[in-house]
Amino acid sequence: MIGLDEGNDKSPDDTNSHSTPWSTFLSEAIQRFRSAGFENPENEARWIVETASGYSGASLPYGLEQQATERGVAHFDGMVERRLNHEPLQYVCGAWGFRTLDLMVDHRVLIPRPETEIVAGIALGELERNSSKEKKIVVDLGTGSGAIGLAIATEMEDVDVVLTDISSDALQVARANLAGLGAHGTSVTIYQGSWFAALPKKYRKSFSLIVSNPPYISINEMKSLPPNVRDWEPRLALASGENGTEYLEIIVDEAEEWLKHSGSLVLEMAPHHVDAISERMLGRGYSDVQIFQDLSGRNRGVVGKWN
């Protein structure tokens, strides 16, 4: 987790420091989170102190001995109160790790999850196995923060990446994350719109890979989501329809118009959707259709090739 460098900025506001070291604030946060019944109070407190102080990773032990700045303490206090109000830690910190990236995240986008890191890894594997000599073009449909597409742009050489989302708010976050990629970002293009309707016609039959983590929660399932998800994360990025498979079905049915020969489709979904979606892909003419698992061993998605 990378902090926001609040404590390391040399602005005039930071010339006044507390006589209290950051270690004291770490202990305070641990105690408050433990009293509130948090499952991992030590880790959560550490992430908040890293963000407030600007000292992270290997520099944290040194940073804990340093006196806290006025601005850093104000940031710390605000983050602790937000977390005690059950705002997700990722939103409180304003950034979160995804594979090799540190992504900006806030209430406009879903929080990047380890399951989706697996999806990005499956997508990268499909690209690496693609023997075509032509430059590969990838689209990440419903990109949100940009996590999957930007990971591919960062980790894969000689690939063009397209990001789409219907939400202008989400694309603002994706653009902010794209700006942080440096040279890797020059291969990324962003379009706003609903699924394939966002794409110019020039991309038909051109994608080596289509990947998506679409909304796949049914309307009834939304009621049973944990409050930290249901009350904080954007409903537009969570809910599909009555069945939860509506958007998945749209992507499966329309992807064939956009995939080139032997192009791959990689989809994340709920475990109870994989059988229906894999059968739908086989029925549409996809080959080498396979179900893949997440880190906990649960079915998490489907991958197949268009012939």
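Values in this text are rule-based calculations from the coordinates and carry no lab data. Values in this document were obtained by computation on a predicted structure and should not be read as measured data. Quick reminder, even Gly has a Cβ in these numbers, built from the backbone with ideal geometry, and neighbours come from all protein chains shown.
Write out the GluC sites (Glu not before Pro) in region 203-307 meeting two conditions: DSSP loop, and at most 10 other Cβ atoms within 10 Å of their Cβ.
Details: sites: GLU221, GLU242, GLU246, GLU249, GLU254, GLU256, GLU257, GLU268, GLU279; in loops: GLU242, GLU256, GLU257.
Within region 203-307, the qualifying GluC sites (Glu not before Pro) (loop, at most 10 other Cβ atoms within 10 Å) are GLU242.
Kindly identify region 208-254 as rounded, prolate or oblate by the Cα gyration tensor criterion: order the square roots of the eigenvalues as a ≥ b ≥ c, call it rounded if a/c is under 1.5, otherwise compare a/b with b/c, prolate if a/b is larger, else oblate.
Numbers: a/c = 3.63, a/b = 1.82, b/c = 2.00.
Oblate, since a/c reaches 1.5 and b/c is not below a/b.
How long is the gain from LYS223 to GLU65 if the chain were fully straight, where each residue apart is worth 0.36 nm and the alpha carbon distance is subtracted?
Details: separation 158, 0.36 × 158 = 56.88 nm, distance 4.54 nm.
Length gained between LYS223 and GLU65: 52.3 nm.
Under 1.5 on a/c is rounded, so check that first for region 239-307, then, if it is not, pick prolate when a/b is larger than b/c and oblate when it is not; a ≥ b ≥ c are the square roots of the alpha carbon gyration tensor eigenvalues.
On the way: a/c = 2.07, a/b = 1.29, b/c = 1.60.
In terms of gyration-tensor shape, oblate.
Obtain the nm distance between the two label points defined at SER296 and ASP275 by a simple spin-label model: each point lies 7 Å from its Cα along the Cα-to-C-beta direction.
Computed distance between label sites SER296 and ASP275 equals 2.0 nm.
When a/c is below 1.5 the answer is rounded, else prolate if a/b is larger than b/c, else oblate, so apply that to region 44-99 with a ≥ b ≥ c taken from the square roots of the Cα gyration tensor eigenvalues. Mind showing how you got there, number by number?
Details: a/c = 2.36, a/b = 1.23, b/c = 1.92.
It is oblate, given that a/c is not under 1.5 and a/b is not larger than b/c.
Out of these labelled values of Cα extents along the principal axes in Å, (1) 68, 43, 32; (2) 69, 47, 45; (3) 79, 49, 36, which was calculated from the coordinates shown here?
(1)
Counting Lys and Arg as +1 and Asp and Glu as -1, each charge on the Cβ, what is the dipole of the chain about the Cα centre in debye, to the nearest 20?
Magnitude of the dipole: close to 740 debye.
Count the DSSP beta bridges whose two residues both fall in the chain, then state the antiparallel fraction as a percent rounded to the nearest 5.
Antiparallel bridges make up about 45 percent of those DSSP assigns within the chain.
Once the Cβ-Cβ distance between ALA58 and GLU257 is put in as r, and R0 is 51 Å, what FRET efficiency do you end up with, to the nearest 0.05? Don't skip to the answer; put the middle values down first.
Numbers: r = 49 Å, r/R0 = 0.97.
So the FRET efficiency works out to roughly 0.55.
Go through GLY301, LEU248, ALA174 and say which Cα lies farthest out towards the positive end of the charge dipole of region 107-306; charges sit on Cβ, +1 for Lys and Arg, -1 for Asp and Glu.
ALA174
In whole percent, what relative contact order does region 12-85 give with Cα contacts below 8 Å and a gap of six or more residues?
RCO, region 12-85: 45 percent.
Would you count, across the chain, every pair of lysines whose alpha carbons are under 15 angstrom apart, provided the pair is eight or more residues apart or spans two chains?
Count of close lysine pairs: 12.
Contour minus end-to-end for GLU39 and SER194, with contour as 0.36 nm per residue of separation and end-to-end as the Cα-Cα distance? Provide the component values of the computation, followed by the final result.
Working: separation 155, 0.36 × 155 = 55.80 nm, distance 3.78 nm.
So the chain would gain 52.0 nm between GLU39 and SER194.
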